[in-house]
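The values are calculated or read from the model by the stated rules, or taken from the named source; none is laboratory data. In this text the structure is predicted, and so the values were computed from the model without any measurement. Backbone-built Cβ (ideal geometry, glycine too); neighbour counts: all protein chains shown. Note: accessible area is taken over every heavy atom of the protein model, side chains too, but ligands, DNA and RNA are not part of it. Shrake-Rupley method; radii C 1.70, N 1.55, O 1.52, S 1.80 Å.
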Amino acid sequence: MSTASLRLLILGAHPDDAEFHAGGLAAIYREAGHHVKMVSVTNGESGHFRISGKELANLRRIEARTAGKVIGATYDVWDNPDGRLLPTIEVRERIIREIRTYQPDLVLTHRLNDYHPDHRAVGQAVQDASYMVTVPPICPDVPALRSDPIVGYLPDLFTRPVPLRGDIVIDVGDRMETIVQMLAAHRSQFFEWLPYNERRPTEVPYSDDDKIVWLRRWYESKIAARAERYRTELVAQYGPERGQKIEFCEMYEISEYAAPLDAAARQRLFWFLP
C-alpha cells in the first residue's frame with residue numbers, strides 16, 4: 001500500500017481513450033486514494049455517423065465526466081477538433097501547462113506508431129513537452145518543474161516499427177467490471193458509433209442490462225490478445241502459477257524521453273505489484 005499521495009495524468013486523444021487503455025490502473029489508483037485526471041486532447045466531434053460538430057462534442061463531454069465519476073476521477077475534454085489534430089506548438093504548450101499545473105507523478109499517453117492520426121499527434125506532443133516542462137522561458141506564465149515526470153505509453157498491439165515493450169504489466173482481471181462501467185458511460189461510442197464502424201450495429205442489445213453484458217464480451221475480445229503476447233512478462237511479474245492464468249492485462253512502456261523509472265520510482269508508482 002502506498003501512503004504518499006500520487007497524481008496520475010492520462011492524456012488521450014479522444015473521450016474514452018484513457019479508460020479503454022488504462023482504466024484498470026486508473027481504478028487501482030483511485031481505490032488507494034490517489035488522484036487521477038483523464039484528459040481528451042480533442043473534443044470528439046467526429047466520432048459518430050448521425051451527429052457531429054458541437055452537438056456531439058457537448059454529448060461526449062457529458063459522457064466523459066460521467067465515466068470519470070465511476071471511479072471519482074477528473075475528466076477534461078479540450079476543444080481541439082477530432083480527426084484533425086496536429087502536434088503543433090499550441091497543442092504542445094497546452095500540454096506543458098497541463099503537466100506543470102497538475103504536477104503528475106506519472107503521465108500516460110499514446111505511442112507514436114498507431115492507426116489513428118490523433119493518437120500519433122498526442123503522443124508526439126507529449127514527447128515534445130516532456131523535457132520542455134523544465135525550461136523556464138517556455139510558457140513562462142506557469143512555473144517550470146524542477147524535474148520532468150515519468151511518462152508511460154498506453155497499451156497497444158501494433159508491431160511496426162517495433163511492438164510496445166512491456167516494462168510494466170498489470171493484471172486487471174478483477175477491475176474489468178469497473179472498466180466496463182466507465183466505457184458504458186460513453187453510450188454514443190460503444191453502443192452506437194463503434195458497432196456501426198465495425199459493421200455490426202444489429203448485435204447491440206436493446207436493454208441496458210444486456211448492453212453491459214454485450215460490452216463486457218466486446219471489450220474482452222479486444223484486449224484478450226494482450227495477455228498472450230505479454231505472457232513472459234506476466235509470469236516474471238506474478239510468478240508461474242498466477243502469471244499463466246491471467247486473462248486480461250494492461251502493459252506500459254516507459255518513455256526514454258522523460259524521467260527514468262528506477263527501482264525506487266517503480267516501487268512508489270506501482271506499489272501494488274508483487
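Looking only at residues in segment 21-36 that are of a type in the set (Gly, Ala, Ser) and assigned to a helix (DSSP H, G or I), which one is nearest to the chain's Cα centre (by Cα)?
ALA22
Within segment 146-162, restricting attention to residues that are assigned to a loop (DSSP other than H, G, I, E, B) and closer than 18 Å to PHE248 by Cα, which residue is most open to solvent (accessible area, probe 1.4 Å)?
PHE158
Scan segment 189-209 residue by residue and report those that are open to solvent by less than 70 Å² (accessible area, probe 1.4 Å) and either among the aromatic types (Phe, Trp, Tyr) or under 11 Å from GLY47 (Cα atoms) (or both).
Passing the criteria: GLN189, PHE190, PHE191, GLU192, TRP193, LEU194.
Looking at TYR102, TYR131, which is the one that is of a type in the set (Phe, Trp, Tyr), open to solvent by less than 40 Å² (accessible area, probe 1.4 Å) and modelled with pLDDT of 95 or more?
Criteria check complete, one pass: TYR102.
Mind listing whichever residues of segment 46-69 are among the small types (Gly, Ala, Ser) and buried (at least 16 other Cβ atoms within 10 Å of the Cβ)?
SER46, GLY47, ALA57, ALA64, ALA67, GLY68, listed by residue number.
Select from segment 219-245 the residues that are closer than 28 Å to GLU203 by Cα, crowded, with 19+ Cβ neighbours inside 10 Å and touching a residue at least 24 places away in the same chain (Cβ under 8 Å) and list them in ascending order.
TYR219, ILE223, ARG226
Would you be able to tell me the number of residues in segment 57-106 that are part of a loop (DSSP other than H, G, I, E, B) and in contact with a strand residue (DSSP E or B) (Cβ under 6 Å, 6 or more places away or on another chain)?
Here is the first cut: in segment 57-106, the ones part of a loop (DSSP other than H, G, I, E, B) are 72-73, 81-88, 103-105.
Checking which are in contact with a strand residue (DSSP E or B) (Cβ under 6 Å, 6 or more places away or on another chain) leaves us with 73, 82, 85, 104-105.
Residues that pass the stated criteria total 5.
Does any residue of segment 8-20 turn out to be among the hydrophobic types (A, V, I, L, M, F, W, C) and in a helix (DSSP H, G or I)?
For segment 8-20, residues among the hydrophobic types (A, V, I, L, M, F, W, C) and in a helix (DSSP H, G or I): present.
Tell me the residue from ASP82, ASP105 that is of a type in the set (Asp, Glu) and closer than 28 Å to PRO143 by Cα, please.
When all the criteria are applied, what remains is ASP105.
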